[in-house]
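Inspection log for the structure reproduced underneath, given as structure tokens.
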Amino acid sequence: MREVTYTQAICEALVEEMRRDEKVFLIGESIQGAAFGMTAGIVQEFGPERVMDTPIAETAIVGAALGSAIMGYRPVADLMFADFMFVAGDEVFLKAPQWHFLHGGKVNVPVVIFAAAGGGMQLANEHSQIPTGKILNTPGLKLVLPSTPRDAKGLLKTAVRDNNPVVFFWHKGLMSATGQVPDEEFTIPFGVADIKRQGADVTVVAASLMTHHALAAAAMLEKDIDVEVIDPRTLEPLDFDTILASVEKTGRLVIVDEDRECCGFAAELGFQVMQKAYELLDAPIQRVCTPNFPIPGGCLEAHVLPNPNKIVAAIKAVMA
């Protein structure tokens, strides 16, 4: 095991998959120059034919990746910011996820849509979203939200090998986070949640950066409330069984989602638990999300996004 950063873990996954399979290539904005460090040094090994810098043209990036995937390649389409996928909305939400279905299963679409997501850096409304709800509302897209270097590497390798379109959101707030990553080859399967902290009083479900906020909230309350924190790692497919088993144990549920509260993952998961396991609940489910409001720039951002104090308040409310 080695201690590496979130950024290094992602870079390692890309390099290893490109070495393993010559059909894997990268395409996107500023990837040769490694704007975020995720692709540092990769062009020097694989050349510009497999590490393709593009103009600022998200429709062309995803369109080229989609066509290549249909022809048997395994592209990773780097959109830089998750917000930019709306520019390529037709390719992301209609073509990539539905091509296999609409062509009778004759064609696979092994493309990874790769982007930085989330707030916390005061970059305002067009560079701070994590649009999980819109991805989940699109049939045919898988959604990965790693919270640690190990998860980032193992899940990205799985995403590259998947024959279906996968949206991989890495969080800007985790770039410098460090963690233990195995030396040997490994992958992490989709749809398997990780219990980050065992607890008996209340279940908190949180992914990506929100996992760390949930763990911080649990530490703040540990003298009085025993909090279990579950990181689903992938929201589609979702490991509902692990979440349900935890709720059966604790009887209480708090869902943390950095995306908007309205029609988001927290609303969907909360309803599924109510529908399928209402009798397990000892209190109403609580949500901690970004309100249905544009993410402002500057110091106002902190008043909108979820944080450990807001999670603490939700936990106290569900325990009341």
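The values are calculated or read from the model by the stated rules, or taken from the named source; none is laboratory data. If you're wondering where the values come from, they're calculated on a predicted model, not measured in any experiment. Neighbour counts run over all protein chains shown; Cβ positions are idealised from the backbone, glycine included. Note: areas computed on protein heavy atoms with side chains; ligands, DNA, RNA excluded. Shrake-Rupley method; radii C 1.70, N 1.55, O 1.52, S 1.80 Å.
When the residues of the range 124-154 are narrowed to those that are part of a loop (DSSP other than H, G, I, E, B), farther than 30 Å from Glu184 by Cα and β-branched (Val, Ile, Thr), which ends up nearest to the chain's Cα centre (by Cα)?
Ile130
Would you call Phe293 among the hydrophobic types (A, V, I, L, M, F, W, C), surrounded by fewer than 18 Cβ atoms within 10 Å (Cβ to Cβ), within 22 Å of Ser128 (Cβ to Cβ) and without any contact (Cβ under 8 Å) to a residue 60 or more places away in the chain? Break it down stepwise before answering.
On the way: among the hydrophobic types (A, V, I, L, M, F, W, C): yes; surrounded by fewer than 18 Cβ atoms within 10 Å (Cβ to Cβ): yes; within 22 Å of Ser128 (Cβ to Cβ): yes; without any contact (Cβ under 8 Å) to a residue 60 or more places away in the chain: yes.
Yes: the conditions hold for Phe293.
Is it the case that Glu222 is modelled with pLDDT of 95 or more and either touching an Asp or Glu at 6+ places or on another chain (Cβ under 9 Å) or surrounded by fewer than 19 Cβ atoms within 10 Å (Cβ to Cβ) (or both)? I'd like the intermediate steps shown before the answer.
Values: modelled with pLDDT of 95 or more: yes; either touching an Asp or Glu at 6+ places or on another chain (Cβ under 9 Å) or surrounded by fewer than 19 Cβ atoms within 10 Å (Cβ to Cβ) (or both): yes.
Answer is yes for this residue.
Please work out if Lys196 is closer than 30 Å to Lys223 by Cβ, touching a Leu at 6+ places or on another chain (Cβ under 9 Å) and either surrounded by fewer than 18 Cβ atoms within 10 Å (Cβ to Cβ) or of a type in the set (D, E, K, R) (or both).
Yes; evaluated as a whole, the condition is true for this residue.
Results for (1) touching a residue at least 24 places away in the same chain (Cβ under 8 Å); (2) in a helix (DSSP H, G or I); (3) of a type in the set (Asp, Glu); (4) open to solvent by less than 10 Å² (accessible area, probe 1.4 Å), shown as yes or no for each residue.
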site: Ala40; (1), (2), (3), (4): yes, no, no, no
site: Glu49; (1), (2), (3), (4): yes, no, yes, no
site: Thr59; (1), (2), (3), (4): yes, yes, no, no
site: Ala64; (1), (2), (3), (4): yes, yes, no, no
site: Pro75; (1), (2), (3), (4): yes, no, no, yes
site: Met80; (1), (2), (3), (4): yes, no, no, no
site: Val92; (1), (2), (3), (4): yes, yes, no, yes
site: Ala96; (1), (2), (3), (4): yes, yes, no, yes
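Name, by its number, the condition in (1) touching a residue at least 40 places away in the same chain (Cβ under 8 Å); (2) of a type in the set (Asp, Glu); (3) open to solvent by 40 Å² or more (accessible area, probe 1.4 Å); (4) touching a Pro at 6+ places or on another chain (Cβ under 9 Å) that does not hold for Glu258.
(3)
Does Val166 qualify as being within 16 Å of Val288 (Cβ to Cβ) and either at pLDDT below 95 or surrounded by 24 or more Cβ atoms within 10 Å (Cβ to Cβ) (or both)?
no
Within the range 178-235, which residues are under 16 Å from Ala313 (Cα atoms), in contact with a Pro (Cβ under 9 Å, 6 or more places away or on another chain) and assigned to a strand (DSSP E or B)?
Val205, Ala206
Got a sec? Which of Phe25, Phe36 is among the aromatic types (Phe, Trp, Tyr) and either part of a loop (DSSP other than H, G, I, E, B) or open to solvent by 60 Å² or more (accessible area, probe 1.4 Å) (or both)?
So the residue among Phe25, Phe36 that is among the aromatic types (Phe, Trp, Tyr) and either part of a loop (DSSP other than H, G, I, E, B) or open to solvent by 60 Å² or more (accessible area, probe 1.4 Å) (or both) is Phe36.
Take the residues in the range 102-128 that are more than 20 Å from Ala152 (Cα to Cα) and at pLDDT 95 or above; name whichever of them is most open to solvent (accessible area, probe 1.4 Å).
Asn108
Output the residue which, of all residues in the range 169-193 that are more than 19 Å from Thr242 (Cβ to Cβ) and of a type in the set (Phe, Trp, Tyr), is most open to solvent (accessible area, probe 1.4 Å).
It comes out as Phe186.
Restricting attention to the range 1-27, which residues are without any contact (Cβ under 8 Å) to a residue 40 or more places away in the chain and more than 18 Å from Asp183 (Cβ to Cβ)?
Within the range 1-27, Met18, Glu22 qualify.
Looking at Ala245, is it among the small types (Gly, Ala, Ser) and touching a residue at least 12 places away in the same chain (Cβ under 8 Å)? Please lay out each step first, then the result.
Numbers: among the small types (Gly, Ala, Ser): yes; touching a residue at least 12 places away in the same chain (Cβ under 8 Å): no.
For Ala245, the condition - among the small types (Gly, Ala, Ser) and touching a residue at least 12 places away in the same chain (Cβ under 8 Å) - is not met.
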